[in-house]
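Novice: Here's a structure for you.
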Amino acid sequence: MIRKLLFCLLSFLLVSCSTSDRQEAHPEVPRGYYSQLEFVHNGQQLGFGPFVGYYFKPVIFDDMERLHFICYNERQFYSDEIPANERLFEGEAVMTTLSDNTPMPDAQQRINPVFLKQTPAGWLETRPEPKEKFVHFHSAYNQSGAVYTGYWLQHSATQEFTYNMGGRVDKSSPLYHQAKPGEESNFPGIVEFDYGPDYQ
């Protein structure tokens with residue numbers, strides 16, 4: 001009887017631990033995708049990423065001009081409606097260098113946003129075709145911080161869900177939206193300048 005009780009207790013602990021591990025574990029990312037990229041562009045060493053849940057892969061090996069990306073709901077960071085680590089978006093990222101005629105926003109934190117309504121027309125003109133689907137720019141960075149080179153990203157939702165930053169924002173936020181497959185232009189329009197993961 002005691003042996004049977006011990007076996008049941010051990011089975012319960014193993015199931016509980018494995019369930020907890022699955023909740024904390026990272027998603028199963030396909031081979032060849034990376035959370036952080038380092039590359040040389042116009043003689044300058046640049047970095048891109050990491051961002052929660054995002055993984056990137058060059059469309060053509062060793063050519064950083066175009067990337068495929070996958071975005072997962074790691075730690076339910078993007079939506080509290082979808083289980084942790086489920087795939088939320090797939091998409092394409094196209095390298096672009098914005099005009100440096102307009103200054104970047106002051107570095108208040110690692111990533112500093114400019115929403116599309118405040119974005120200079122010259123920056124918007126750099127979007128690849130179809131422009132209406134590329135509404136999110138994220139900069140690369142060097143040792144000194146953010147640079148004007150980065151990627152315009154096209155987000156294609158893999159399922160329907162509320163993008164509410166894990167419940168941290170509501171309908172009053174420009175980030176809040178209903179993500180739906182086939183509605184790439186619905187993603188929040190934003191230009192982000194990234195000072196890199198070592199930003200203090």
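The values are calculated or read from the model by the stated rules, or taken from the named source; none is laboratory data. Please read these numbers as outputs of a predicted model, since none were measured by experiment. Cβ coordinates were reconstructed from backbone atoms using ideal geometry, including for glycine residues, and neighbour counts include every protein chain displayed.
Novice: Please verify whether region 118-127 includes one or more residues that are closer than 23 Å to PRO50 by Cβ, of a type in the set (Val, Ile, Thr) and out of contact with any Ser or Thr (no Cβ under 6 Å at 6 or more places or on another chain).
Specialist: No, because not a single residue in region 118-127 is closer than 23 Å to PRO50 by Cβ, of a type in the set (Val, Ile, Thr) and out of contact with any Ser or Thr (no Cβ under 6 Å at 6 or more places or on another chain).
Novice: Further question: Can you tell me which of GLY122, GLY150 is of a type outside the set (Lys, Arg) and surrounded by 15 or more Cβ atoms within 10 Å (Cβ to Cβ)? Please lay out each step first, then the result.
Specialist: Values: GLY122 fails: surrounded by 15 or more Cβ atoms within 10 Å (Cβ to Cβ).
One residue alone meets the criteria, GLY150.
Novice: Let me ask something else. If you take the residues in region 177-200 that are aromatic (Phe, Trp, Tyr), farther than 21 Å from GLU90 by Cα and not in a strand (DSSP E or B), which one is modelled with the highest pLDDT? Explain how you work it out, then say what you get.
Specialist: Of region 177-200, the ones aromatic (Phe, Trp, Tyr) are 187, 193, 195, 199.
Within this subset, residues satisfying the condition of being farther than 21 Å from GLU90 by Cα are 193, 195, 199.
Within this subset, residues satisfying the condition of being not in a strand (DSSP E or B) are 195, 199.
On the way: TYR195: 96, TYR199: 90.
So, considering only residues that are aromatic (Phe, Trp, Tyr), farther than 21 Å from GLU90 by Cα and not in a strand (DSSP E or B), the one modelled with the highest pLDDT is TYR195.
Novice: Kindly indicate the residue of region 126-147 that is under 17 Å from ASP100 (Cβ atoms) and of a type in the set (Val, Ile, Thr) and also surrounded by the fewest Cβ atoms within 10 Å (Cβ to Cβ) among those meeting that condition.
Specialist: Checked region 126-147; the qualifying residue surrounded by the fewest Cβ atoms within 10 Å (Cβ to Cβ) is THR126.
Novice: For region 177-190, what are the residues that are more than 15 Å from the chain's Cα centre (by Cα), surrounded by 14 or more Cβ atoms within 10 Å (Cβ to Cβ) and either farther than 16 Å from PRO130 by Cβ or of a type in the set (Phe, Trp, Tyr) (or both)?
Specialist: HIS177
Novice: Something else now. Among the aliphatic types (A, V, I, L, M), assigned to a strand (DSSP E or B) and either surrounded by fewer than 17 Cβ atoms within 10 Å (Cβ to Cβ) or modelled with pLDDT of 95 or more (or both): does that describe VAL52?
Specialist: Taking the combined requirement at face value, the residue does not satisfy it.
Novice: Give me a count of the residues in region 64-110 that are closer than 26 Å to GLY167 by Cβ and either assigned to a loop (DSSP other than H, G, I, E, B) or free of Cβ contacts under 8 Å to residues at least 24 places away in the same chain (or both).
Specialist: 14
Novice: Considering only residues that are assigned to a strand (DSSP E or B) and in contact with a Pro (Cβ under 9 Å, 6 or more places away or on another chain), look in region 156-176 and name the one that is nearest to LYS131 (Cα to Cα).
Specialist: Step by step, filter region 156-176, then rank; the result is SER156.
Novice: Does THR158 satisfy the criteria of being more than 20 Å from TYR33 (Cβ to Cβ) and either surrounded by fewer than 20 Cβ atoms within 10 Å (Cβ to Cβ) or of a type in the set (A, V, I, L, M, F, W, C) (or both)?
Specialist: Criteria not met by THR158.
Novice: Exactly one of (1) hydrophobic (A, V, I, L, M, F, W, C); (2) at pLDDT 95 or above; (3) not in a strand (DSSP E or B) is unmet by ALA146. Its number?
Specialist: Of the numbered conditions (1) hydrophobic (A, V, I, L, M, F, W, C); (2) at pLDDT 95 or above; (3) not in a strand (DSSP E or B), the odd one out for ALA146 is (3).
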